[in-house]
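As structure tokens, the structure follows; a few thoughts come after it.
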């Protein structure tokens, strides 16, 4: 993999939904056992979606809700451990800044809180279960 082979595209669900939902199905439904009805929800058409590709191969995705909530962050297994998750998140955060959000929030799987803390997010509140996986709320100020 070469850095210049990696691209990130922002778009709506009609444009990016097929590729983004494929990644989410692989990561969340197949790997993590999340029920499809919980993973693919009615919020997708309202969100800005982000699709990361290596060449023409989709390898990562995230979404940004109209209220600044980041969700559905996923990198396919073959592309993990290469810094692509951080690169994708920096892109999403930069986009949130252009939308004049004062902060971003997310619901992190507890095994990923360290990743988000390295990006500047702060954990708060209790751990709770979502789709059978422990999560914790996290916030990043953008001011």
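The values are calculated or read from the model by the stated rules, or taken from the named source; none is laboratory data. Computed from a prediction, not measured in an experiment: that's the story for all the values here. Virtual Cβ from ideal backbone geometry, glycine too; neighbours counted across all protein chains shown.
Only residues that are in contact with a helix residue (DSSP H, G or I) (Cβ under 7 Å, 6 or more places away or on another chain) and assigned to a helix (DSSP H, G or I) were counted in the stretch 32-47, giving 4.
Within the stretch 32-42, work out how many residues are under 16 Å from the mean Cα position of the chain (by Cα), exposed (fewer than 15 other Cβ atoms within 10 Å of the Cβ) and in contact (Cβ under 8 Å) with a residue 24 or more places away in the chain. The total comes to 2.
Within the stretch 120-141, the set of residues being over 23 Å from residue 25 (Cβ atoms) and crowded, with 16+ Cβ neighbours inside 10 Å comprises 121, 136, 137, 138, 139, 140.
Yes or no: the stretch 78-95 includes at least one residue that is under 15 Å from the mean Cα position of the chain (by Cα), modelled with pLDDT of 95 or more and over 17 Å from residue 7 (Cα atoms). Looking for residues that are under 15 Å from the mean Cα position of the chain (by Cα), modelled with pLDDT of 95 or more and over 17 Å from residue 7 (Cα atoms), one finds none in the stretch 78-95, hence no. When 85, 60 are checked against the criterion of being in a strand (DSSP E or B), on the phi < 0 side of the Ramachandran plot and surrounded by 14 or more Cβ atoms within 10 Å (Cβ to Cβ), a single residue qualifies: 60. Looking at 70, 75, can you tell me which residue is closer than 23 Å to residue 138 by Cα, touching a residue at least 40 places away in the same chain (Cβ under 8 Å) and touching a strand residue (DSSP E or B) at 6+ places or on another chain (Cβ under 6 Å)? Every option except 75 fails the conditions. Right, residue 129: part of a strand (DSSP E or B) and either under 19 Å from residue 11 (Cα atoms) or touching a residue at least 24 places away in the same chain (Cβ under 8 Å) (or both) or not? Judged against the criteria, residue 129 is not a match. Right, residue 4: more than 20 Å from residue 108 (Cα to Cα), free of Cβ contacts under 8 Å to residues at least 12 places away in the same chain and either within 16 Å of the chain's Cα centre (by Cα) or surrounded by 11 or more Cβ atoms within 10 Å (Cβ to Cβ) (or both) or not? When the stated conditions are applied, residue 4 does not pass them.
Among residues that are surrounded by 12 or more Cβ atoms within 10 Å (Cβ to Cβ), touching a helix residue (DSSP H, G or I) at 6+ places or on another chain (Cβ under 6 Å) and part of a helix (DSSP H, G or I), residue 50 is not included.
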